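*Asks:* Once you've had a glance at the structure underneath, I'll fire off some questions.
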Amino acid sequence: MSDPTPSRGRTEYVRLLAQSYLRGSTGTVETRSARNHRVFHLQGGRPVGLESDRPQDSIESVLIKGDFVSDLNLGRIIKSSTGGEPLDDLLVRHARVDASPLRKRLEKWMMGAISTPLGWAKSDSRFTPVAKHSALVERRAIGVAVPVLRALWRGVGKHLTDAEAKADLASHAGELLYASPTFERAVAELDLDAAYQRLGQMLEGGATIDILLHRLTDRAGTGVRLLWFLEVAGAIQRAPPEKAGPRRLSAGRASVPSAPAGLDPAMAKLVAAVQEGYDLRMQGDYYSFLMISRSSPGDRIKKTCGRLQQRWSSTAGRGDLPPETQRLVEELLGALPLVYRTLADPARREEYDRRLAAGRAPTVGGLRGADRSALENTRRAGGARDGASPGDLSAAQECLDAGDHARAAGILEQLRMQNPSDPDVLAALGWARFHLGEGGAEAAEDYLRLALTFEPSHDKALEYAAKVALEQGQTDVAESRLRRLLAKDPSQRWARKELRALQED
């Protein structure tokens, strides 16, 4: 009689791929079983490439056999690629391939490859982090936002029985389960049957497996497998969030301070929840900040932003929060408007997704002070920056100097369409938009923050950011920005004069 418990290999495969995806890891997840193997190349948690024992799984085979492009044309495009633009974008632009069917086919290809290993009887899996993928991987990288959890869940539904899942869960039957910080994002991507929509509420305060299965109206008959999957993926945990063990942070990031001693239990719980949420949300891209899938529809984005705005505003309005916790909540609130404006607008979201696929999109952490540069990702092979042409940028600058901000903005918007990541263009566009009436200050801040995300010490972006704060009367912000500008360029006499005036006031 066979052991009904899922093999360690299957569990480990789901754990490695799902958690690497949710944490935004860059590296490879490799799984092998006898002669079968799959290697998934991840960039920021997103699968961008695949190696397989099956020749028909290669990106070349998928594209050529799908009649999207000829082998000669595909070879030429791959050979000429520098790896700075996803392969599907290159095909749309150079081979005039229809974008929608191409990306649907690539998503189906990758999702099939992800779900297949769940059918293997035994397998060994491992995750290997990398700082940068090889040139061969980057030239073949796709930009499609593949829903990894949904693909894994399909494999679970096809290959894992209720008996196997129940046997695996039974070893901890009496322990309480809690929702982890990634629970909301995981459930949103799975797009579960309505019967499971109350699962998050049931997990508040903790619940055992038996209680959950008893309370679930399991019409779909997959409740036990769902609980198994969510726990293995890290969306459900066996400790309250505030008592969970310390998590590893990205290299170079400091952990958020622990809650001050002496707080009453309710406040200590709130402080811990704020710290946990801040740490998780501020390390990733805009979708990770909202804890939703990159394939989430627009209405889900708007509802999520509205719910977070209400929750954080209510928390920030309390008069008894410790100062450090107050600062964290205010930073979360400060990042939310730009995330909303970017993802709720279809055109801005499409642009952000393109940059995300190319590894050039700003992170939420970059909005706070642009302390991490993405400039290297905007450079071509050989070191030349993929920027605006000097002539066009010079014409825009002349318009700015002459006070013709509308004309300058028109030129700069065209340049931005050519290269959304050029800090020269973004800085100048921010300054132009500041002078163009209602909403100009808000738009200026957006563009200047993006410019400083791609080049933290960009001269013009620092100068314009300081001037925007000065003209708006934001003295504290202006002083901070002037100091930052002078640290970069002490020769800016006007900045030194303005800083001295602020200090005298």
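The values are calculated or read from the model by the stated rules, or taken from the named source; none is laboratory data. Treat the numbers as computed from the prediction; the structure is a model and nothing was measured. Cβ: placed from backbone, ideal geometry, glycine included. Neighbour counts: every protein chain shown.
*Asks:* Quick check: is even one residue across segment 417-427 buried (at least 21 other Cβ atoms within 10 Å of the Cβ), within 23 Å of the chain's Cα centre (by Cα), charged (D, E, K, R) and modelled with pLDDT under 80? Steps first, please.
*Replies:* Filtering segment 417-427 down to residues buried (at least 21 other Cβ atoms within 10 Å of the Cβ) leaves 421-427.
Next cut, within 23 Å of the chain's Cα centre (by Cα) only: 421-423, 426.
Within this subset, residues satisfying the condition of being charged (D, E, K, R) are 422.
Adding the requirement that they be modelled with pLDDT under 80 leaves 422.
Checking segment 417-427: at least one residue is buried (at least 21 other Cβ atoms within 10 Å of the Cβ), within 23 Å of the chain's Cα centre (by Cα), charged (D, E, K, R) and modelled with pLDDT under 80.
*Asks:* Every residue in segment 14-40 that is over 15 Å from M111 (Cβ atoms) and touching an Asp or Glu at 6+ places or on another chain (Cβ under 8 Å), please.
*Replies:* G24, T31, R32, S33, R35, N36, H37, V39
*Asks:* Filter segment 61-80 for residues that are of a type outside the set (S, T, N, Q), closer than 16 Å to L102 by Cα and without any contact (Cβ under 8 Å) to a residue 24 or more places away in the chain and give the result.
*Replies:* Within segment 61-80, I64, K65, D67, D71, L74, I77 meet the criteria.
*Asks:* What residue, of R483, R500, is over 22 Å from A358 (Cα atoms), at pLDDT 85 or above, surrounded by fewer than 22 Cβ atoms within 10 Å (Cβ to Cβ) and under 32 Å from the mean Cα position of the chain (by Cα)?
*Replies:* After applying the criteria, what remains is R483.
*Asks:* What single numbered condition from (1) in contact with a helix residue (DSSP H, G or I) (Cβ under 9 Å, 6 or more places away or on another chain); (2) part of a helix (DSSP H, G or I); (3) surrounded by fewer than 19 Cβ atoms within 10 Å (Cβ to Cβ) fails to hold for R311?
*Replies:* (1)
*Asks:* Of the numbered conditions (1) touching a strand residue (DSSP E or B) at 6+ places or on another chain (Cβ under 7 Å); (2) at pLDDT below 85, L213 satisfies every one except a single condition; which is it?
*Replies:* Condition not satisfied by L213: (1).
*Asks:* May I pose another question? Given the criteria touching a strand residue (DSSP E or B) at 6+ places or on another chain (Cβ under 6 Å), crowded, with 17+ Cβ neighbours inside 10 Å and under 13 Å from V137 (Cα atoms), does P86 qualify?
*Replies:* So P86 fails the test.
*Asks:* Turning to a different aspect of this structure: When you look at K108, is it within 27 Å of R150 (Cα to Cα) and of a type in the set (K, R), yes or no?
*Replies:* Yes: the conditions hold for K108.
Quick grid of which residues meet (1) at pLDDT 85 or above; (2) among the aromatic types (F, W, Y); (3) under 30 Å from P423 (Cβ atoms); (4) out of contact with any Cys (no Cβ under 6 Å at 6 or more places or on another chain):
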| site | (1), (2), (3), (4) |
| --- | --- |
| A261 | no, no, no, yes |
| L290 | yes, no, yes, yes |
| C305 | yes, no, yes, yes |
| R311 | no, no, no, yes |
| L332 | yes, no, yes, yes |
| P346 | yes, no, yes, yes |
| G359 | no, no, yes, yes |
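*Asks:* Also: For segment 108-130, which residues satisfy the criterion of being part of a helix (DSSP H, G or I) and either touching a residue at least 40 places away in the same chain (Cβ under 8 Å) or more than 26 Å from the chain's Cα centre (by Cα) (or both)?
*Replies:* Within segment 108-130, W109, M110, M111, A113, I114, S115, T116, P117, L118, G119 meet the criteria.
*Asks:* What residue, of S81, S61, is closer than 21 Å to A145 by Cα, surrounded by fewer than 19 Cβ atoms within 10 Å (Cβ to Cβ) and not assigned by TED's automatic domain parsing to the domain that holds A358? Give the steps one after another, and end with the answer.
*Replies:* Values: S81 fails: surrounded by fewer than 19 Cβ atoms within 10 Å (Cβ to Cβ).
Sole residue among the options that is closer than 21 Å to A145 by Cα, surrounded by fewer than 19 Cβ atoms within 10 Å (Cβ to Cβ) and not assigned by TED's automatic domain parsing to the domain that holds A358: S61.
*Asks:* Another question, then. Going by what's in this entry, would R103 be described as over 24 Å from D285 (Cα atoms), part of a helix (DSSP H, G or I) and either under 20 Å from the mean Cα position of the chain (by Cα) or without any contact (Cβ under 8 Å) to a residue 12 or more places away in the chain (or both)?
*Replies:* So R103 fails the test.
*Asks:* Please work out if G66 is crowded, with 17+ Cβ neighbours inside 10 Å, not aromatic (F, W, Y) and not assigned by TED's automatic domain parsing to the domain that holds D279.
*Replies:* It is false that G66 is crowded, with 17+ Cβ neighbours inside 10 Å, not aromatic (F, W, Y) and not assigned by TED's automatic domain parsing to the domain that holds D279.
*Asks:* Out of everything in segment 263-288 that is closer than 15 Å to R23 by Cβ and in a loop (DSSP other than H, G, I, E, B), what residue ends up being modelled with the lowest pLDDT?
*Replies:* It comes out as Q283.
*Asks:* Just checking: which of the helices (runs of 4 or more DSSP H) contained wholly in segment 439-505 hold 2 or more residues that are closer than 19 Å to L393 by Cα and touching a residue at least 24 places away in the same chain (Cβ under 8 Å)?
*Replies:* Working: elements: 440-454, 459-471, 475-488, 493-504.
It comes to 440-454, 459-471.
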